[in-house]
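Enquirer: Structure provided below as structure tokens; questions to follow.
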Amino acid sequence: MSINFPLLLVLAVAVSGALALFDLAFLAPRRRAAIAEYEGSVSEPEQSVVDRLNREPLLVEYGKSFFPVLAIVLVLRSFLVEPFQIPSGSMKPTLEVGDFILVNKFAYGIRLPVLDTKVIEVEDPQRGDVMVFRYPSDPNINYIKRVIGLPGDHIRYTSDKRLFINDKPVAEQLLGDVPGSLGSAVLYKEQLGDVEHLIRKEMTRYRIEPSHEWIVPQGYYFMMGDNRDNSNDSRYWDDPQIPANLQGMVPDKNIVGKAFAVWMSWPEPKLQNLPTFSRVGLIH
């Protein structure tokens, strides 16, 4: 069962805030009145009695303590930056399994938490961006891929693993075999718009298929992983509940944010395997 963390966070902020407000409006005045009445009834008030009368209910104490922390986390996570961990190798060599990344939540517009309604326009995704989004067939699952097709683009991916956008081949430069791949995996340098990045292809195996073409509808994006033959992306999604012309497309409403940095890597989070910071840097 997937957990809707944004919803839980909003509820936690609402409950803790309500407890703090209830104490401020009702309970705190009663405590002050009880202390004033006690101090007026004795000549020398005992501090222990005053402290007991001024004691907050345990639930209220917890609520007031957690509210500012939870509120700050909600604002940071919903509107500024959210951390993610890379669970698969679909974005190799750009991102490795176990990379901890930061995602800019306001790059593509300010959205309300939980509702995901865009309230402030900022800018649209650009070709070559590395983007986190909710998987169209199951919005509870977050995916990370590279933006290949923008609204209105004609995308073609051929049987010899070449990418065409609007009938023009995407520029790529052969770099050589991936170390340890026995010659089956090859690295290329690819140019998508203003973004230059590395991609990985399995030249002798995996998904040797006929050419396919797509037209990206308005309000949608076409996504691919940099590990071209080991990526579950727009080329392969097939959901019978989604109209044929929208198969493989990511709607704007599913966008989470733009991945911009790796801040830590921990492929196997165990005590004997410590995290490493050797991969820290900006994502291209």
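Each reported figure results from applying straightforward, stated rules to the coordinates on display, with no laboratory input. Note that the coordinates shown come from a computational prediction; the quantities given were computed from them, not determined experimentally. With ideal geometry, Cβ positions are generated from the backbone for all residues, glycine too; neighbour counts draw on all protein chains shown.
Enquirer: Suppose the chain between residue 229 and residue 138 were pulled fully straight at 0.36 nm per residue; how much longer would it get relative to their current alpha carbon spacing?
Expert: Result: 30.5 nm gained on full extension.
Enquirer: To the nearest 20 debye, what is the magnitude of the charge dipole of the chain about its Cα centre, counting +1 on the Cβ of each Lys and Arg and -1 on the Cβ of each Asp and Glu?
Expert: Result for the chain is approximately 280 debye, rounded to the nearest 20.
Enquirer: Would you list, by chain and number, the lysines whose Cα falls below 30 Å from the Cα of residue 64, excluding same-chain residues fewer than 8 positions away?
Expert: List returned: 105.
Enquirer: Multiply the residue separation of residue 241 and residue 65 by 0.36 nm, subtract the distance between their alpha-carbon atoms, and state the gained length in nm to one decimal.
Expert: 58.8 nm
Enquirer: Continuing with the same structure: Could you run the Karplus curve 6.51 cos²θ - 1.76 cosθ + 1.60 with θ = phi - 60° over segment 62-79 and give me ³J(HN,Hα) per residue in whole Hz, x for Gly and Pro?
Expert: 5, x, 5, 6, 7, 4, x, 5, 5, 5, 5, 4, 4, 5, 4, 6, 7, 10
Enquirer: Here's a follow-up. Run down the lysines and flag those whose C-alpha is under 25 Å from the C-alpha of residue 161, throwing out any fewer than 8 positions away in its chain.
Expert: Leaving aside lysines fewer than 8 places away in the same chain, those within reach of residue 161 are 92, 145, 189, 201.
Enquirer: Given the C-alpha atoms of the chain, compute the convex hull and give its volume per residue in Å³.
Expert: Considering the Cα atoms of the chain, their hull volume per residue is 186 Å³.
Enquirer: Rank 247, 263, 210 by how far each Cα sits towards the positive end of the charge dipole of segment 208-273 (+1 on Lys, Arg Cβ; -1 on Asp, Glu Cβ) and give me just the farthest.
Expert: 263
Enquirer: With each label point set 7 Å from Cα along the Cα-Cβ vector, what nm distance links residue 97 and residue 37?
Expert: For residue 97 paired with residue 37, the spin-label model returns 6.7 nm.
Enquirer: Kirkwood Rh, segment 121-206, all Cα pairs: how many Å?
Expert: When all Cα pairs of segment 121-206 are included, the Kirkwood radius is 14.8 Å.
Enquirer: I've got another one for you. What angle, in degrees between 0 and 90 and rounded to the nearest 10, separates the Cα long axis of helix 28-41 from the longest principal axis of the Cα atoms of the chain?
Expert: 20
Enquirer: Follow-up. Read phi for every residue in segment 94-102 and hand back ³J(HN,Hα) as whole Hz from Karplus 6.51 cos²θ - 1.76 cosθ + 1.60, θ = phi - 60°, with x for Gly and Pro.
Expert: Here the 3J(HN,Hα) series is 5, 10, 9, 4, x, 5, 9, 10, 10 Hz.
Enquirer: Then there is this: What's the local net charge at residue 93, with K and R +1, D and E -1, over the other residues with C-beta under 12 Å away?
Expert: With Lys, Arg at +1 and Asp, Glu at -1, the neighbours total +2.
Enquirer: Sticking with this one: Most mobile of 165, 255, 120 per a Gaussian network model of the chain (Cα springs, under 10 Å)?
Expert: 120
Enquirer: Same structure again: Starting at the first residue of segment 139-146, write each ³J(HN,Hα) from the Karplus equation 6.51 cos²θ - 1.76 cosθ + 1.60 with θ = phi - 60°, in whole Hz, x for Gly and Pro.
Expert: Each residue of segment 139-146 in turn: x, 7, 9, 8, 10, 10, 8, 9 Hz.
Enquirer: Next question, about the same structure. If the chain between residue 5 and residue 79 were fully stretched, how many nm would it gain, using 0.36 nm times the residue separation less the Cα-Cα distance?
Expert: 25.1 nm
Enquirer: Sticking with this one: Straight-line reach from residue 253: which aspartates and glutamates have Cα under 15 Å away, leaving out those fewer than 8 places along the same chain?
Expert: Those aspartates and glutamates meeting the cut-off are 116, 121, 123, 124, 138.
Enquirer: At R0 = 41 Å, how high is the FRET efficiency between residue 218 and residue 160 if r is their beta carbon distance? Nearest 0.05 is fine.
Expert: 0.85
Enquirer: Return the single residue from 100, 133, 66 with maximal mean-square fluctuation; model: Gaussian network over the chain, springs between Cα atoms under 10 Å.
Expert: Top of the fluctuation ranking is 66.
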